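Participant: First the structure, which I've put down as structure tokens, then a few questions once you've had a look.
The values are calculated or read from the model by the stated rules, or taken from the named source; none is laboratory data. Keep in mind it's a predicted model, so treat the numbers as computed, not measured. FYI the Cβ positions are ideal-geometry reconstructions off the backbone, even for glycines, and counts take in every protein chain you see. Keep in mind that these areas ignore ligands, DNA and RNA; they rest on the heavy atoms of the full protein, side chains included. Shrake-Rupley method; radii C 1.70, N 1.55, O 1.52, S 1.80 Å.
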Amino acid sequence: MTKAEYTALAVARNRKRLDWIRANDPAEWNRRKELHRLSQAEWRKNLDPVARAERSEKRRLDQLARYHTDVEYRRKRLEACKWIHKKRTYGVSKAKYEEMVVDQGGVCKLCGKPPRPNRALVIDHDHKTGKVRGLLHDACNRLLGMLGDNSDGLRAAADRLDGHQRKASAA
């Protein structure tokens with residue numbers, strides 16, 4: 001019997017014993033699981049810090065190289081990062097965003113028009129409270145931001161436009 005065959009046989013025997021313990025003695029199974037978890041944590045804690053840093057740096061460089069060469073990987077990472085940012089900043093997950101789009105009928109909450117092709121509605125929020133107000137076109141959201149989220153400024157701009165249109169139609 002070769003060393004590999006002997007190892008495979010020992011692993012199979014151990015697996016059978018562990019399966020029996022899991023099925024017949026839950027307390028012993030949980031005790032062993034906890035010991036394994038603790039031994040893994042202790043092993044990680046006692047790792048050589050230099051070796052750990054080298055492995056971490058190698059992993060980072062491998063991911064960076066893959067990011068620059070694998071278009072699909074880059075697309076997935078960018079998409080994941082976008083939703084992580086929205087969740088951290090606004091508390092809106094991808095599922096919640098899609099629910100908001102359906103609730104608004106897929107249109108901008110300010111102007112009522114659908115977004116342009118290949119463009120998404122952006123999350124509008126109150127800068128003072130951080131509360132999400134809805135989904136807007138990027139331009140509508142920037143308009144509110146430039147007016148300082150001030151409704152008086154928006155009314156004044158609307159009055160100015162109305163006055164200009166009245167003058168143009170009278171002439």
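Participant: For region 87-134, which residues satisfy the criterion of being surrounded by 14 or more Cβ atoms within 10 Å (Cβ to Cβ) and closer than 19 Å to SER151 by Cβ?
Facilitator: Within region 87-134, CYS108, LYS109, LEU110, ASP124, HIS125, VAL132, ARG133, GLY134 meet the criteria.
Participant: Quick one: count up the residues across region 73-115 that are in contact with a strand residue (DSSP E or B) (Cβ under 9 Å, 6 or more places away or on another chain) and within 27 Å of ASP62 (Cα to Cα).
Facilitator: 1
Participant: Search region 1-19 for residues being open to solvent by 80 Å² or more (accessible area, probe 1.4 Å) and more than 41 Å from the chain's Cα centre (by Cα), and hand back the single one that is modelled with the lowest pLDDT.
Facilitator: Restricting attention to region 1-19, the residues satisfying the condition of being open to solvent by 80 Å² or more (accessible area, probe 1.4 Å) are 1, 3, 5-6, 11, 13, 15-17.
Keeping just the survivors that are more than 41 Å from the chain's Cα centre (by Cα) gives 1, 3, 5-6, 13, 17.
Values: MET1: 77, LYS3: 83, GLU5: 85, TYR6: 80, ARG13: 85, ARG17: 84.
Once the filter is applied, the top-ranked residue is MET1.
Participant: Within region 25-72, track down each residue that is of a type in the set (S, T, N, Q), in a helix (DSSP H, G or I) and open to solvent by 70 Å² or more (accessible area, probe 1.4 Å).
Facilitator: ASN30, GLN63, THR69
Participant: Hey, another quick one. Only residues that are open to solvent by 50 Å² or more (accessible area, probe 1.4 Å) and assigned to a helix (DSSP H, G or I): list them for region 135-157, please.
Facilitator: Correct list: ASP138, ALA139, ARG142, LEU143, MET146, SER151, ASP152, LEU154, ARG155, ALA156.
Participant: Is it the case that region 81-92 has a residue that's in contact (Cβ under 8 Å) with a residue 24 or more places away in the chain, hydrophobic (A, V, I, L, M, F, W, C) and assigned to a strand (DSSP E or B)?
Facilitator: no
Participant: On the basis of being modelled with pLDDT under 90, open to solvent by 100 Å² or more (accessible area, probe 1.4 Å), in a helix (DSSP H, G or I) and out of contact with any Phe, Trp or Tyr (no Cβ under 7 Å at 6 or more places or on another chain), does ARG22 make the cut? Talk me through it step by step, then tell me what you get.
Facilitator: Numbers: modelled with pLDDT under 90: yes; open to solvent by 100 Å² or more (accessible area, probe 1.4 Å): yes; in a helix (DSSP H, G or I): yes; out of contact with any Phe, Trp or Tyr (no Cβ under 7 Å at 6 or more places or on another chain): no.
In short, no.
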